[in-house]
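The values are calculated or read from the model by the stated rules, or taken from the named source; none is laboratory data. All values derive from a computational prediction rather than experimental measurement. Methodologically, a virtual Cβ is constructed for each residue, glycine included, from the backbone with ideal geometry; neighbour enumeration extends over all protein chains shown. Note: areas computed on protein heavy atoms with side chains; ligands, DNA, RNA excluded. Shrake-Rupley method; radii C 1.70, N 1.55, O 1.52, S 1.80 Å.
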Amino acid sequence: MNNDILLKILQLDSLVRFLDWSERIRIHLYRGEKFNSTTLRIQAAYEWIIKENWNPPTMMYGVDRFQYFHDPELDLWVETENYLNYFPEYIQELNKLKF
């Protein structure tokens, strides 16, 4: 698996929250070449990112310790929990990753 895409899975999870803690650790270990297996959910996210040619938005933590992503069209920072409100075309497929 490509390390860049694995990083994108972690970034996507920061926006959508579909991985459990063990899957996040598994990705970190896989990226560090200390583990060589994956889960169906990680594989599905990996394939989705490739299919959609998805790239993560710019993200940051605010002084309030909430995570935000930048919406370049509106030039504003939005809490990551609202990501799917800005990209409704992803809702159906990304919600499938949660189950």
Q. What is the residue count in region 1-13 for residues that are at pLDDT below 95, assigned to a helix (DSSP H, G or I) and touching a Phe, Trp or Tyr at 6+ places or on another chain (Cβ under 9 Å)?
A. 3
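What helices (runs of 4 or more DSSP H) lie completely within region 38-97 and have 3 or more residues being open to solvent by 100 Å² or more (accessible area, probe 1.4 Å), of a type in the set (Gly, Ala, Ser) and more than 15 Å from Ser14 (Cβ to Cβ)? Talk me through it step by step, then tell me what you get.
Values: elements: 40-52, 83-86, 91-96.
Filter on region 38-97 gives an empty set.
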**Q.** Filter result (crowded, with 17+ Cβ neighbours inside 10 Å, aromatic (Phe, Trp, Tyr) and either touching a Phe, Trp or Tyr at 6+ places or on another chain (Cβ under 7 Å) or more than 20 Å from Ile91 (Cβ to Cβ) (or both)) within region 14-31
**A.** Tyr30
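Kindly indicate whether Glu23 is at pLDDT 95 or above, among the charged types (D, E, K, R) and outside any loop (DSSP other than H, G, I, E, B). Before the answer, list the steps.
Values: at pLDDT 95 or above: no; among the charged types (D, E, K, R): yes; outside any loop (DSSP other than H, G, I, E, B): yes.
Taking the combined requirement at face value, the residue does not satisfy it.
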Q | Where a residue in region 34-54 is more than 17 Å from Val16 (Cβ to Cβ) and its partner, wherever it lies, is charged (D, E, K, R), with Cβ under 8 Å and at least six apart | A | Phe35/Arg26; Ser37/Arg26; Thr38/Arg26
